[in-house]
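In what follows, a single structure is set out as structure tokens and then discussed.
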Ligand SMILES: Nc1ncnc2c1ncn2[C@@H]1O[C@H](COP(=O)(O)OP(=O)(O)OP(=O)(O)O)[C@@H](O)[C@H]1O
Ligand SMILES: [Mg+2]
């Protein structure tokens, strides 16, 4: 079953074409990754999927509904972990979850046990009563992940979920995401870590300058082009690690 589909998706910021006519389909339970250099258009594509902003042209459907016509219904069923930390610094860790739950009309009597459950899931229970600025960068990441799960989303959108994390924390997040996958949550993520894409993604779209260069499984790309996923990525985006 198709959960997300895009046909001829274009997003322009004034004269800059950030997403330049892309097509893709993502199935239920799949983990789909957008890879590509800075400015390729990954975050822009993700933002359109989670109804943060409309496309300039093209058709994007999530759960079979058009993102421009049914944004409210779509947003109720998905979770978002943004690239930048947008936690409320005036609230504690726990309060951040409770306030976020209100956007989904989750009553306090339900959100309280849920918040504890999610804090346990991301191993932050002992930080429940501290303010956001007292968390380490990795802890803020984990809290953003917990917050994105507050409405038990069928589709989870993760923009660079492990950027800046130490290897141990990164592996811990992979463990959590693989667990969600095993529960049939559909995942869409962006990453600059090829190991992450290999570990989590069933298929990846390699983007460059607003276009999708190729879509395939990491293993399919590696057997077609030879070498590791990193070599394939560099070859297809025409980049090199030197200079
Ligand atoms: N709100 C905005 N207004 C104007 N231009 C924007 C805006 N957001 C992004 N852009 C531009 O659109 C292009 C694509 O940006 P986007 O954030 O989608 O890239 P990205 O692939 O997520 O990159 P990164 O790997 O650095 O996160 C860039 O040229 C960027 O400068
Ligand atoms: Mg981005």
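The values are calculated or read from the model by the stated rules, or taken from the named source; none is laboratory data. Model, not experiment: these values are computed from the prediction. Ideal geometry is used to build each Cβ from the backbone, glycine not excepted, and the neighbour counts take in all protein chains shown.
Worth a mention:
- Residue list for the range 31-57, filter: over 16 Å from the mean Cα position of the chain (by Cα) and away from ligand 1 (no atom under 15 Å from the Cβ): 57
- Selected residue (criterion: nearest to residue 142 (Cα to Cα)) from residues of the range 154-167 that are more than 16 Å from ligand 2 (Cβ to nearest atom) and at pLDDT 95 or above: 156
- Selected residue [assigned by TED's automatic domain parsing to the domain that holds residue 11, within 16 Å of ligand 1 (Cβ to nearest atom) and either part of a loop (DSSP other than H, G, I, E, B) or more than 23 Å from residue 28 (Cα to Cα) (or both)] from 68, 163: 163
- Scanning the range 1-18 for residues that are touching a residue at least 60 places away in the same chain (Cβ under 8 Å) and within 17 Å of the chain's Cα centre (by Cα) gives 3, 4.
- Restricted to the range 122-133, and to residues there that are assigned to a helix (DSSP H, G or I) and in contact with a strand residue (DSSP E or B) (Cβ under 9 Å, 6 or more places away or on another chain), the residue that is nearest to residue 99 (Cα to Cα) is 132.
- Being at pLDDT 95 or above and surrounded by fewer than 22 Cβ atoms within 10 Å (Cβ to Cβ) is a property that does not hold for residue 240.
- Residue within the range 118-131 that is within 16 Å of ligand 2 (Cβ to nearest atom) and closer than 26 Å to residue 75 by Cα present: no
- Screening residue 22 against (1) over 16 Å from the mean Cα position of the chain (by Cα); (2) in contact (Cβ under 8 Å) with a residue 40 or more places away in the chain; (3) surrounded by fewer than 21 Cβ atoms within 10 Å (Cβ to Cβ) leaves a single unmet condition, (3).
- Test result for residue 85, within 15 Å of ligand 1 (Cβ to nearest atom), under 30 Å from residue 231 (Cα atoms) and either over 15 Å from the mean Cα position of the chain (by Cα) or part of a loop (DSSP other than H, G, I, E, B) (or both): no
- Residue list for the range 210-224, restricted to those being over 16 Å from residue 26 (Cβ atoms), touching a helix residue (DSSP H, G or I) at 6+ places or on another chain (Cβ under 9 Å) and not in a helix (DSSP H, G or I): 210, 213
- Condition met for residue 40 (within 16 Å of ligand 2 (Cβ to nearest atom), part of a loop (DSSP other than H, G, I, E, B) and buried (at least 22 other Cβ atoms within 10 Å of the Cβ)): yes
- Residue within the range 135-148 that is under 30 Å from residue 239 (Cα atoms) and buried (at least 20 other Cβ atoms within 10 Å of the Cβ) present: yes
- Just one of (1) at pLDDT below 95; (2) under 14 Å from the mean Cα position of the chain (by Cα); (3) assigned to a helix (DSSP H, G or I) fails for residue 170. It is (2).
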